[in-house]
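Written out below as structure tokens is the structure these notes cover.
FYI, it's all coordinate maths here, none of it is from the lab. In this text the structure is predicted, and so the values were computed from the model without any measurement. Backbone-built Cβ (ideal geometry, glycine too); neighbour counts: all protein chains shown.
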Amino acid sequence: MAEALCNGVVASPCGGDVGVAVRARGAAAALAESVPMGGYSTKSSFLGGRMALAEKKTRSLPRRTPEAAPGQMNLMVCKSMRWWEKGVQPNMREIESAQDLADSLLNAGDKLVIVDFFSPGCGGCRALHPKISQFAEKNPDVQFLQVNYEKHKSMCYSLHVHVLPFFRFYRGAQGRVSSFSCTNATIKKFKDALAKHGSDRCSLGPARGLDEPELMALAANRDLDFTYEKPGLVPLAEAIAMEAAAPGGPWLPLPASATQLLSQGSESPLLSTGR
């Protein structure tokens, strides 16, 4: 029996040869060594024997970061335009500070100036902005100044602006001529104010700008870098002489006798006609 097992042949008790060959010699051992199992290699020469597993280490290649072209870098840096920057006309400008606002009004001369108070998060301001840009395009002689409420909250508090969108109209020596809040539903209010104060006119005297209480409130605000000195009183005679001597003044030059009477003070309310 032992010899039969060694030869790989088993005899049936019934006298017949089953002929079952269990020859698993070199071929089975070679197959066991050549077939990897799940990323591991076997070192045993017997298919049913004990195996020693060793993990195969994969070599990692250095990763190269693709270099962006100069044109692609510009596209990455570029950011989308904000809604209050869209459709901006040459006569529209955003205010940078309280001093910038005061100087812009004083330097406007007789030109109508519209101050537009807005906020980036205000839905009504965003909806109204395209129409304001259209008004600016149709009225190139009108100056539009934009004040960002989120950037200049302290200044807006000093100017008593508590509702948005809000508009203030300034014109020459008259100073502030209109102040109101409106939306798309009440845009007629803006049209009427623009037609009333935007017509050609001749203003006597320099631009007034902000009112004196507003200037004093801005100067008293510690959060703002703004200074204002209240002008002193000018004698009446000096004021009249300065006004008469100004280029394009409303009066002809006063005679010397009139200025002398004004400076010294005359008891008689009438001036001599020279007769």
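Ranked by the mean number of other Cβ atoms within 10 Å of their residues, highest first, the peptides 140-149, 173-182 fall in the order 140-149, 173-182. Quick check on region 83-220: take the gyration tensor over C-alpha atoms, sort the square-rooted eigenvalues as a ≥ b ≥ c, and tell me if it's rounded (a/c under 1.5), prolate or oblate. Oblate, because a/c is 1.5 or more while a/b does not exceed b/c.
Once the Cα-Cα distance is subtracted from the 0.36 nm per residue extended length, the Ala127 to Asp211 segment shows a gain of 27.2 nm.
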